[in-house]
Amino acid sequence: MSITISLNGQAREVSELTTVAALLAELELAPERTAVERNGQLVRRVEHASVALAPGDALEIVTLVGGG
Amino acid sequence: MSLVDAASIAQAERDEPLILGSTTLRSRLLVGTGKYASFEQMRDALALSGTDCVTVAVRRVELDRSLRSSSGPSLLDFVDRARYTILPNTAGCFDAATAIRTAELARELLGTKLVKLEVLGDLQTLLPDPLGTLEATRELVRQGFEVLVYCSDDPRLAVHLENAGATSVMPAGSPIGSGQGVLNPNALRILLELVHVPVIVDAGVGTASDVAIAMELGAAGVLLNSGIALARDPLRMAAAMRDGCRAGRNAFLAGRIERKLYANASSPLEGVIGAAHKR
């Protein structure tokens, strides 16, 4: 079963019960170089493996880039 | 005693460190990491600038793996956290809520409570939205952040930001990236009289003399990015900015002469050859 979430402003299909940690792994993103927000709330790194995505979730996955 | 030994020179140029909340900086120049031609150039420019503190931005990751090298270098590979304090910004945020969320994400990424707050009014001018900035300052201070606030050079707004708990107020000299330097030195002077937290001129710095002018007016520091990154020779400009900052700071601490309408001769007026004796 797949569900639809919004990831960085784009619609995306993910498997039901995918955790934040699993999604980061699927995207080949290093957890220590990213931060995740789900529905406007920060998801701490320690919670990544225990937070399962739900239909309609809005995720923001960010990293540090150059800036002034 | 002649003033040639290093200890005497150090004594003549002695200064206090710049204290921003729980962070202590030796250099009063803060430098951004954006707009460089390469990470290598950025790394070298930061080193030449002598800075202890560099700003970074928080952005969505690139999801398309073909556009992203997952094992390639990224910004933090070129910024040594043992050498530099990293100051995340909320650049690109146009409302308080987004800026606050960005600060929280930055704190998660870096483990730092330091944040450069920007709440912008519009894309063209990139001027700060004063009301959103004040609102976000209050909330971030409540959440335990040490907030360095990008703001206009309005002295009364700066007082509000200080009263809201800002660790530093950072008035723009002129619009971000505009290179116009300190357009309103008198506003900055008044602001410096009214505000007691460190005042760091942030934005609009175009060249070394702009930094020196800000420091001579009494700013605690200067933050710049484009002035170095977009110079024709960023490495040489980084060195220039470093020297401009030290020059301005030393001049400020030295206490300049007054400006006078008439002349005040540097050489004695008596004893010039051919002059008649005085009565």
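The values are calculated or read from the model by the stated rules, or taken from the named source; none is laboratory data. Note that the structure is predicted; figures quoted are calculated from it, not measured. Ideal geometry is used to build each Cβ from the backbone, glycine not excepted, and the neighbour counts take in all protein chains shown. Heavy atoms of the whole protein, side chains included, go into the accessibility calculation; ligands, DNA and RNA do not. Shrake-Rupley method; radii C 1.70, N 1.55, O 1.52, S 1.80 Å.
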When every residue in the range B:160-202 that is within 13 Å of B:L148 (Cα to Cα) and within 14 Å of chain A (Cβ to nearest Cβ) is compared, the one surrounded by the most Cβ atoms within 10 Å (Cβ to Cβ) is B:D202
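For the range A:6-24, name all the residues that are surrounded by 12 or more Cβ atoms within 10 Å (Cβ to Cβ) and farther than 21 Å from B:R59 by Cβ. Don't jump to the end; show me each part of the working.
Applying the first criterion (surrounded by 12 or more Cβ atoms within 10 Å (Cβ to Cβ)) to the range A:6-24 yields A:6-8, A:12, A:14-15, A:18-24.
Scanning the range A:6-24 gives A:V14, A:S15, A:T18, A:T19, A:A21, A:A22.
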Per the filter on the range B:198-212, residues in contact (Cβ under 8 Å) with a residue 60 or more places away in the chain and in a helix (DSSP H, G or I) are B:V211
Turns out the strands (runs of 3 or more DSSP E) fully within the range B:1-116 with at least 3 residues that are farther than 15 Å from B:E146 by Cα and touching a residue at least 12 places away in the same chain (Cβ under 8 Å) are B:29-32, B:53-60
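Condition check ((1) closer than 22 Å to B:P88 by Cβ; (2) out of contact with any helix residue (DSSP H, G or I) (no Cβ under 7 Å at 6 or more places or on another chain); (3) among the hydroxyl-bearing types (S, T, Y)) across all residues:
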{"position": "B:E13", "(1), (2), (3)": "no, no, no"}
{"position": "B:E16", "(1), (2), (3)": "no, yes, no"}
{"position": "B:G21", "(1), (2), (3)": "yes, yes, no"}
{"position": "B:R26", "(1), (2), (3)": "yes, yes, no"}
{"position": "B:M42", "(1), (2), (3)": "yes, yes, no"}
{"position": "B:L46", "(1), (2), (3)": "yes, yes, no"}
{"position": "B:A57", "(1), (2), (3)": "yes, yes, no"}
{"position": "B:S66", "(1), (2), (3)": "no, yes, yes"}
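When you go through A:A11, A:A54 one by one, which is the residue that is assigned to a strand (DSSP E or B) and more than 9 Å from every other protein chain (Cβ to nearest Cβ)? Show your work before the answer.
Numbers: A:A54 fails: assigned to a strand (DSSP E or B).
After ruling out the rest, the residue left standing is A:A11.
Which of the residues that make up the range A:25-46 are in a strand (DSSP E or B) and within 11 Å of chain B (Cβ to nearest Cβ)? Spell out how you get there, then give the answer.
So in the range A:25-46, the residues in a strand (DSSP E or B) come out as A:35-38, A:41-43.
Once the filter is applied, which keeps residues that are in a strand (DSSP E or B) and within 11 Å of chain B (Cβ to nearest Cβ), the range A:25-46 yields A:A35, A:V36, A:E37, A:Q41, A:L42, A:V43.
Could you list, in sequence order, all residues of the range B:54-71 that are at the interface with chain A (Cβ under 7 Å from one of its Cβ atoms) and open to solvent by less than 20 Å² (accessible area, probe 1.4 Å)?
Filtering the range B:54-71 for residues at the interface with chain A (Cβ under 7 Å from one of its Cβ atoms) gives B:55-61, B:63, B:65, B:70.
If the condition is that a residue be at the interface with chain A (Cβ under 7 Å from one of its Cβ atoms) and open to solvent by less than 20 Å² (accessible area, probe 1.4 Å), then B:T55, B:V56, B:A57, B:V58, B:V61 are the ones that fit.
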Of the listed residues (A:A22, A:A49), the one being away from chain B (no Cβ under 13 Å) and in a helix (DSSP H, G or I) is A:A22
Those residues of the range B:213-243 which are in contact with a helix residue (DSSP H, G or I) (Cβ under 6 Å, 6 or more places away or on another chain) and surrounded by fewer than 24 Cβ atoms within 10 Å (Cβ to Cβ) amount to B:E216, B:L217, B:G218, B:A231, B:P234, B:L235, B:M237, B:A239, B:A240, B:R242
Result of the Cβ filter at 9 Å on the range B:250-263, keeping first residues that are of a type in the set (K, R) and partners that are surrounded by 10 or more Cβ atoms within 10 Å (Cβ to Cβ), at least 6 apart or interchain, is B:R256/B:E216
Screening B:M241, B:M215 for residues that are part of a helix (DSSP H, G or I), within 14 Å of chain A (Cβ to nearest Cβ), modelled with pLDDT of 95 or more and under 12 Å from the mean Cα position of the chain (by Cα) leaves only B:M241
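Yes or no, residue by residue, for (1) at pLDDT below 95; (2) of a type in the set (F, W, Y); (3) open to solvent by 20 Å² or more (accessible area, probe 1.4 Å):
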site	(1), (2), (3)
A:T4	no, no, yes
A:L27	yes, no, no
A:T34	no, no, no
A:E47	no, no, yes
A:L59	no, no, no
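Tell me yes or no: at least one residue of the range B:105-124 is in contact with a Phe, Trp or Tyr (Cβ under 6 Å, 6 or more places away or on another chain), more than 13 Å from chain A (Cβ to nearest Cβ), open to solvent by 20 Å² or more (accessible area, probe 1.4 Å) and modelled with pLDDT of 95 or more. It would help to see each step written out before you state the result.
To start, the set of residues in the range B:105-124 that are in contact with a Phe, Trp or Tyr (Cβ under 6 Å, 6 or more places away or on another chain) comprises B:113, B:115, B:118, B:120.
Cutting the leftovers down to more than 13 Å from chain A (Cβ to nearest Cβ) gives us B:113.
Next cut, open to solvent by 20 Å² or more (accessible area, probe 1.4 Å) only: B:113.
Those left that are additionally modelled with pLDDT of 95 or more: B:113.
Yes, the range B:105-124 contains at least one residue that is in contact with a Phe, Trp or Tyr (Cβ under 6 Å, 6 or more places away or on another chain), more than 13 Å from chain A (Cβ to nearest Cβ), open to solvent by 20 Å² or more (accessible area, probe 1.4 Å) and modelled with pLDDT of 95 or more.
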Residue hits (the range B:14-49; away from every other protein chain (no Cβ under 14 Å), open to solvent by less than 70 Å² (accessible area, probe 1.4 Å) and under 25 Å from B:L253 (Cβ atoms)) are B:D15, B:P17, B:L18, B:L20, B:G21, B:T23, B:L25, B:S27, B:R28, B:L48
Review point. Hey, does the range B:72-87 have a residue that's among the small types (G, A, S), within 12 Å of another protein chain (Cβ to nearest Cβ) and in contact with a helix residue (DSSP H, G or I) (Cβ under 8 Å, 6 or more places away or on another chain)?
Key: yes
